[in-house]
Amino acid sequence: MRRLLTACFVIFVAAAPALAQDKPVDVNIGFGWTFPSSGFKDSFNTGWNGTIGVTFNINQHLGVQGEYTYARMNGPEKTILVSATPIGPGSAQLIESNQQMHIGSVNLVYKNHPSDRAVGGYALGGLGIYHRMIQLTSPAVGYTTFCDPYWYVCYPAVVSVDNILGDRSSNDFGINIGGGVTFGHEAKFYVETRFHYVWGPTINPTAATLPSGTTTNCSGGCSSNASYFPLTFGVRW
């Protein structure tokens, strides 16, 4: 029995470095900033994100990652002209917004981090489902017009403010591509950036409120496709 235990111990000690080198699963967690780009940045400011993921390593360099990310961006303070009656004079009133995203993605990861070096790098890209939620709030009461496809709203003719305020959401398909730098050996700190592009719904003016002959920038439908760059700092082990 003693010889058997000794033999098992020797095998375990000999195999430990190989197991550490060929670790089948990595876990990562990170937080950072989210920077909207293109027309998206006119409707929302820089926000923040948090992410957690699991990578299943196919070999030393290649892996498949499943990842969940939460991102939030507040909108800039805007004013809308609100009138007490549909044809009365208007006064500027504050309207506030935010967008929250729950993102599930699957990514292919290519890693280059030699075991004898403290610094490495990786590239990744993949597909995801983006659940986008928009919240609009205002203390205003009365009638107004407003159109912003990134807020999922387009009322070019006068409606009650209540028609504009509230929560809206959509489930959209998107892609991401990017890369990062890692520091460390077993537990690796990383800095990562990616480009995300999300295909959103087409926002059309509400036909019931659009008088005959009225034209808007969204008369033919406006795209809510969005792009942004997250910058994330995290740890992988």
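Data table
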quantity	calculated
³J(HN,Hα), Karplus 6.51/-1.76/1.60, whole Hz, each residue of the stretch 156-161, x for Gly, Pro	x, 10, 5, 9, 5, 4
Surrounding net charge for residue 134, when Lys and Arg each add one and Asp and Glu each subtract one, Cβ distance under 9 Å	+1
Cα shape, the stretch 87-156, gyration tensor, a/c 1.5 rule	prolate
Spatially proximal lysines relative to residue 78 (Cα-Cα < 27 Å; intrachain offsets below 8 disregarded)	41
Under 19 Å from the Cα of residue 111 - lysines, other chains or at least 8 residues apart	23, 188
Label point at residue 160 placed 7 Å out along Cα→Cβ; residues across the stretch 61-86 whose backbone nitrogen lies under 18 Å	82-86
From phi via Karplus (6.51, -1.76, 1.60), per-residue ³J(HN,Hα) for the stretch 163-179 in Hz, x at Gly/Pro	5, 8, 6, x, 10, 9, 8, 8, 10, 10, 9, x, 10, 8, 8, x, x
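Every read-out reported here was derived from the displayed coordinates using simple, explicitly stated rules and does not represent laboratory data. Not measured: the values here are computed from a predicted model. Ideal geometry is used to build each Cβ from the backbone, glycine not excepted, and the neighbour counts take in all protein chains shown.
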